[in-house]
Amino acid sequence: IDILFAVDTSRSMLTQDVNPDRLTRARLAVADLLAKLEGDRVGLIAFAGSAFLQCPLTLDYDAFRQSLDALDPNVIPKGGTDIASAISEAGAAFRTGAKNHKLLVLITDGEDLAGNAVSAAQKAAEQEVKIFTVGVGTSSGELIPVRKEDGGTEFVKDENGQAVKSRLDEAMLQKIAEITGGIYAPLGRGEGLEAI
């Protein structure tokens, strides 16, 4: 099995509606799952407003772990959340591999700001890629913190100066998974990845 983990590194993943924050919780869950794998190739995609293959498919779990540890909101300079770019990047990475089963584990809050995720999932299904979506966060949401240069914290604001709340979009993630024959699971404290 070839498993690509696509982890959302947008600023909304700094939201603290899961402890200590969404991105840290996602990294810990992937590391826990990695400890249970044997002989499956793994790779890592970081995405926000665009996507980047952080670690190509490999059997070198230590190299994968180093890439996973390096994930932070500064990895992808383009802001926003473009789920379609992560799915497309996975399709390209799978094309270079063997004829193994292809699984994409998409870990995100599901806020698809670019809006092309469904059509990207349909293309992935044609390439026999199964997408398992893992939702990080809560449906009630929370404000998105940003560190200031002086060490303090402020919150992301919209164009009207209002603080922005980031909410988990489970409906979008369920739809993406269904299109490819995968499943959706909320991350929780890591149980979502274990279920998948």
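Over the chain, accessible surface divided per residue gives 48 Å², non-protein components excluded, 1.4 Å probe. Each of Q162, I87, G152 was scored by the projection of its Cα onto the charge dipole of the chain, and the greatest displacement toward the positive side belongs to I87; charges sit on the C-beta of Lys, Arg, Asp and Glu.
When the trypsin sites (Lys or Arg not before Pro) in region 112-167 are filtered for DSSP coil states and for at most 10 other beta-carbon atoms within 10 Å of their beta-carbon, the remaining sites are K148.
Once the Cα atoms are used to define both axes, helix 22-34 deviates from the longest principal axis of the chain by about 20 degrees. Could you tally up the Lys pairs in the chain with alpha carbons closer than 29 Å? Skip any pair fewer than 8 positions apart unless they're on separate chains. Value for the chain: 24.
Compared with the dominant principal axis of the Cα atoms in the chain, helix 83-95 is inclined by about 20°. Contact order for region 1-45, expressed relative to its length and based on alpha carbon pairs under 8 Å spaced 6+ residues apart, stands at 61 percent. Accessible surface of the chain, 1.4 Å probe: 47 percent of it comes from carbon and sulfur atoms. Taking the Cα centre of region 13-134 as origin and assigning +1 to Lys and Arg Cβ atoms and -1 to Asp and Glu Cβ atoms, the resulting dipole is close to 320 debye. In this structure, the amide hydrogen of L106, modeled 1.01 Å from its nitrogen in the peptide plane, lies closer than 5 angstrom to those of A6, F132, T133, V134, counting only residues at least 5 positions away or on a different chain.
Within 10 Å, at most 11 other Cβ atoms, and a DSSP state outside H, G, I, E, B define an exposed site. Report the longest part of the chain free of exposed GluC sites (Glu not before Pro).
On the way: sites that count: E38, E149, E159.
Longest run free of exposed loop sites: 39-148.
The alpha carbons of region 1-89 stretch over 34, 29, 18 Å along the principal axes, in descending order.
So what's the net charge close to S139: Lys and Arg +1, Asp and Glu -1, counting the other residues with Cβ under 13 Å from its Cβ? My count for the surroundings of S139 gives -4.
The values are calculated or read from the model by the stated rules, or taken from the named source; none is laboratory data. The structure presented is a predicted model; accordingly, all values stated were derived computationally and were not measured. Note that each Cβ is placed from the backbone with ideal geometry, even for glycine, and that neighbours are counted across all protein chains shown. Just the protein is used for accessible areas: all its heavy atoms, side chains included, with ligands, DNA and RNA removed. Shrake-Rupley method; radii C 1.70, N 1.55, O 1.52, S 1.80 Å.
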